[in-house]
1. Label-point separation (nm) for B:GLU15 and A:ASP57, each offset 7 Å from Cα along Cα-to-Cβ?
2. How far, in whole Å, is the closest Cβ of chain A from the axis that maps A onto B, and which residue does it belong to?
3. Place the label 7 angstrom along Cα→C-beta at B:ASP57 and in each other copy, then list the distances from the first to the rest in nm, shortest first.
4. So, in nm, how far is label B:GLU68 from label A:GLU106 when the simple model puts each one 7 Å beyond its Cα toward the Cβ?
5. Take every Cα pair under 8 Å in chain A that's 6+ residues apart, average their separations, divide by the length, and report that relative contact order as a whole percent.
6. Estimate for me the total accessible surface buried between chains B and A (protein heavy atoms, probe 1.4 Å, no ligands or nucleic acids), in Å² to the nearest 100.
7. Within 10 Å, at most 12 other Cβ atoms, and a DSSP state outside H, G, I, E, B define an exposed site. Report the longest part of chain A free of exposed GluC sites (Glu not before Pro).
8. What FRET efficiency, computed as 1/(1 + (r/R0)^6) with R0 = 35 Å and r the Cβ-Cβ distance, is obtained for B:LYS42 and A:SER8, rounded to the nearest 0.05?
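The values are calculated or read from the model by the stated rules, or taken from the named source; none is laboratory data. Everything numeric here is computed off the predicted structure, so don't read it as measured data. Cβ: placed from backbone, ideal geometry, glycine included. Neighbour counts: every protein chain shown. Only protein heavy atoms, including side chains, enter the accessible area calculation; ligands, DNA and RNA are left aside. Shrake-Rupley method; radii C 1.70, N 1.55, O 1.52, S 1.80 Å.
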There are 2 protein chains.
Amino acid sequence: MDVKHLSSFQDFSPEKLLKHNVFQSGRFFLDVYCLQPGQAQKPHRHATSDKVYVVLDGRCRFRVGAEEEVHGPGAAIFAPAGAEHGVANDGPDAARLLVLMSPPPEHA
Amino acid sequence: MDVKHLSSFQDFSPEKLLKHNVFQSGRFFLDVYCLQPGQAQKPHRHATSDKVYVVLDGRCRFRVGAEEEVHGPGAAIFAPAGAEHGVANDGPDAARLLVLMSPPPEHA
């Protein structure tokens, strides 16, 4: 059985946000993003892929379209295809996000 | 911003497993399943959709193909398209699962 434990994806880098793949198929990917305070994923968009962020630990500032909001553990944020989206950890704590994208981008 | 809190999906039924939709598009659905002790989703298969179960609360017995394993909070279980899969809560505690399917079944 293909089982992963989300608690095992805890590697952070002082250099940049780290992305750890949990599962991937041709239909989706599921990653854990690890962000130290001050780290961010710049706003960007995918024309034909949807994304969902779920906060596992910490708090992050999410942007979807023109909106920005800060959310903590248990929040799930939907960034539909075509919408500009990004995330930033303004600190003070490290943050981990479960991130779904469907379908995976062609040039991931 | 389209934000949901996973902690808000807590409705259980004495009758059967309850499925609460968090987000859905033409590319995926994300649900929270709420299972009282003794409740189950019978093994079944989807020819062209992948599924991932993530345990939020409690412990469940998962079946993928011929394998059965019990997993608790933080475990993520991949049931690829074509694989028979199901889940049962043997108790004693209530269980909640975050469930991804991609793409959504045509007759959900």
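1. 4.1 nm
2. Value returned for chain A: A:SER102, 2.
3. 2.2
4. Distance between the two pseudo-spin positions: 4.5 nm.
5. Numbers: 261 pairs, mean separation 35.9, N = 108.
Computed over chain A, the figure is 33 percent.
6. On the way: alone 6320 and 6310 Å², together 9930 Å².
Buried surface at the B/A interface: approximately 2700 Å².
7. On the way: sites that count: A:GLU15, A:GLU106.
The longest uninterrupted stretch comes out as A:16-105.
8. Details: r = 30 Å, r/R0 = 0.86.
The formula returns an efficiency of 0.70 here.
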